[in-house]
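Enquirer: Pasting in a structure now, in structure tokens, and then I'll have a few things to ask.
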């Protein structure tokens, strides 16, 4: 694999036969849509429903290497670039030391992609965005409704002869009085009172089905049915103390069906307007995918930078410890010269002060190293006991990068094609276009065409009534509605237009910012490259200068002050050299982040159709 890590371009020349692990991370979230993830070519790690499922063999191998026993405590000297010296030393017993964790740069990135807790949190966001898409599609689902009801009533009344006469008269209001009196006396003349009891049981149900289509058309089907069973009992008391009991029953059923179609003709018409909210939710889902990609880029960059900051902290501690060792050696030589009477005792004060100052700098360097270690472990989150008490051994050495960066215009063009935040900006612009369409729809009046077909059926038996509809009715018409003034819709439309203009300006602003970032990254790389050359030359001269001062001191022709000054200059030169190398590595990382190509450099792909 060519150019996997430009940082190690020199070291990889000696390792052409050694295959490096290609880190892939696959995010599989939903059956039909994949939320962005990262995948490994041969044995992909997977993210399923927001939980990371790591490649067991590879992560287990990294964990074994990370917890392998180190033969001796690292001295902080610059590690060799040979492959043999980067292997983890094993103890003869095969046991692991609980103190040291050993990582290469590849191990660090792999573990971070599989175990970083912040990444696990970010992975959930695309899944949340996916639920929003489903929610916006919900209005186009079928909406069934079913209602079943059973009702039972009991009614009793006591009627006097006067009440009976009144009820009979109401029944036959046009009958002549003499005929009515004859009729009433014949049938009810001997009735003193009547007790009537009614019992009715009504069973019914209603089924409705509604469907909204993306064209704005709404179709509604309603079915209703009812069956009633009534029992009536009468107890009639006559004037001769006789009683007469009568009973009767009746049943009846009816059914109705209606079908209504409503079609918007102005506001709410067409797929473009009715699918606006769904499209916006899909854009939000795609934006969430790019946000996850951007986070993965930032995470990989942060892991690399933290790795090199930790390497730099180790190198600085090693340089400080060597400087302290030189100061202590110089102090011992001063003591010996004083004992032999070759120097005054006042010279010892300079030596002791220098040793004390160097010890303070070593303490500071150790503190910085501990802090960098904590930051590094926080990013990787390795699965080991006593995590925060562990110390770290890093096996990937820093080396100057000889890679050419190419013309700036090509780098900027690549950034315009690859930047995730720029893709998000274009998606926001498309969302703004949809919002303009949606709000302009609100400016139109609501004019709907509707047609309703109805049919009724009734009978004494329920099954028969369903097959004996007595005819069909229909209704056809238009409905028109519009708010007076419509100021709310006008304000929303204007806001949407201004928001779209804002998105356009934001894109141009972001493009300009990207150009500046890329150019500044190129300038920083060139500065670091020149600084490395200058620091190497400075360190070489300071080494020669220290040797001269030490030799003059042995001959009695120089003082401790001059020797210590030469030592300080050499220490600062070494620190400047290693800092320049690490700064150059980090500058290349920043350039890849600015271009949006850092994942490609690591052969990491976002396995999602949402990311183009």
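Enquirer: Which members of the range 197-235 meet the condition of being part of a strand (DSSP E or B) and in contact (Cβ under 8 Å) with a residue 60 or more places away in the chain?
Expert: Of all residues in the range 197-235, those part of a strand (DSSP E or B) come to 197-212, 218-235.
Of everything in the range 197-235, those that are part of a strand (DSSP E or B) and in contact (Cβ under 8 Å) with a residue 60 or more places away in the chain turn out to be 206, 207, 208, 209, 210, 211, 212, 225, 227.
Enquirer: When you check residue 548 against the structure, is it in contact with a helix residue (DSSP H, G or I) (Cβ under 9 Å, 6 or more places away or on another chain), over 30 Å from residue 337 (Cα atoms) and in a helix (DSSP H, G or I), yes or no? First the steps, then the outcome.
Expert: On the way: in contact with a helix residue (DSSP H, G or I) (Cβ under 9 Å, 6 or more places away or on another chain): yes; over 30 Å from residue 337 (Cα atoms): no; in a helix (DSSP H, G or I): yes.
No.
Enquirer: Tally time: how many residues in the range 554-598 are farther than 30 Å from residue 300 by Cα and either free of Cβ contacts under 8 Å to residues at least 12 places away in the same chain or surrounded by fewer than 21 Cβ atoms within 10 Å (Cβ to Cβ) (or both)?
Expert: Taking the range 554-598 first, the residues farther than 30 Å from residue 300 by Cα are 554-573.
Next, from what is left, pick out any that are either free of Cβ contacts under 8 Å to residues at least 12 places away in the same chain or surrounded by fewer than 21 Cβ atoms within 10 Å (Cβ to Cβ) (or both): 554-559, 561-562, 565, 568-569, 572.
Matching residues across the range 554-598 total 12.
Enquirer: Counting just the residues of the range 377-393 that are in contact with a strand residue (DSSP E or B) (Cβ under 6 Å, 6 or more places away or on another chain) and buried (at least 17 other Cβ atoms within 10 Å of the Cβ), which one comes out farthest from residue 109 (Cα to Cα)? Talk me through it step by step, then tell me what you get.
Expert: Going residue by residue through the range 377-393, those that are in contact with a strand residue (DSSP E or B) (Cβ under 6 Å, 6 or more places away or on another chain) are 390-393.
If we keep only those that are buried (at least 17 other Cβ atoms within 10 Å of the Cβ) as well, we get 390, 392-393.
Numbers: 390: 19, 392: 15, 393: 15 Å.
Ranking the qualifying residues of the range 377-393, first place goes to 390.
Enquirer: Further question on the same structure: Of everything in the range 574-607, what is out of contact with any helix residue (DSSP H, G or I) (no Cβ under 7 Å at 6 or more places or on another chain) and part of a helix (DSSP H, G or I)? Give them in sequence order.
Expert: 600
Enquirer: For residue 490, state whether it is in contact with a helix residue (DSSP H, G or I) (Cβ under 8 Å, 6 or more places away or on another chain), at negative phi and touching a residue at least 12 places away in the same chain (Cβ under 8 Å). Spell out the reasoning first.
Expert: On the way: in contact with a helix residue (DSSP H, G or I) (Cβ under 8 Å, 6 or more places away or on another chain): no; at negative phi: yes; touching a residue at least 12 places away in the same chain (Cβ under 8 Å): yes.
No; evaluated as a whole, the condition is false for this residue.
Enquirer: List the number of the failed condition for residue 380; all other conditions in (1) at pLDDT below 90; (2) more than 28 Å from residue 585 (Cβ to Cβ) hold.
Expert: Unmet condition: (2).
Enquirer: Could we say that residue 324 is in a helix (DSSP H, G or I) and touching a residue at least 60 places away in the same chain (Cβ under 8 Å) here?
Expert: Working: in a helix (DSSP H, G or I): yes; touching a residue at least 60 places away in the same chain (Cβ under 8 Å): no.
No: the conditions fail for residue 324.
Enquirer: Kindly indicate whether any position in the range 292-299 is farther than 26 Å from residue 151 by Cβ, at pLDDT 90 or above and surrounded by fewer than 17 Cβ atoms within 10 Å (Cβ to Cβ). Working first, answer last.
Expert: Step one: list which residues in the range 292-299 are farther than 26 Å from residue 151 by Cβ, which gives 292-299.
Narrowing the set further to residues that are at pLDDT 90 or above leaves 292-299.
Now narrow it down to the ones that are surrounded by fewer than 17 Cβ atoms within 10 Å (Cβ to Cβ): 298.
Yes, the range 292-299 contains a residue that is farther than 26 Å from residue 151 by Cβ, at pLDDT 90 or above and surrounded by fewer than 17 Cβ atoms within 10 Å (Cβ to Cβ).
The values are calculated or read from the model by the stated rules, or taken from the named source; none is laboratory data. From a predicted model like this one, the values you see are computed outputs, not experimental measurements. Note: ideal-geometry Cβ built from the backbone for every residue, glycine included; neighbour counts use all protein chains shown.
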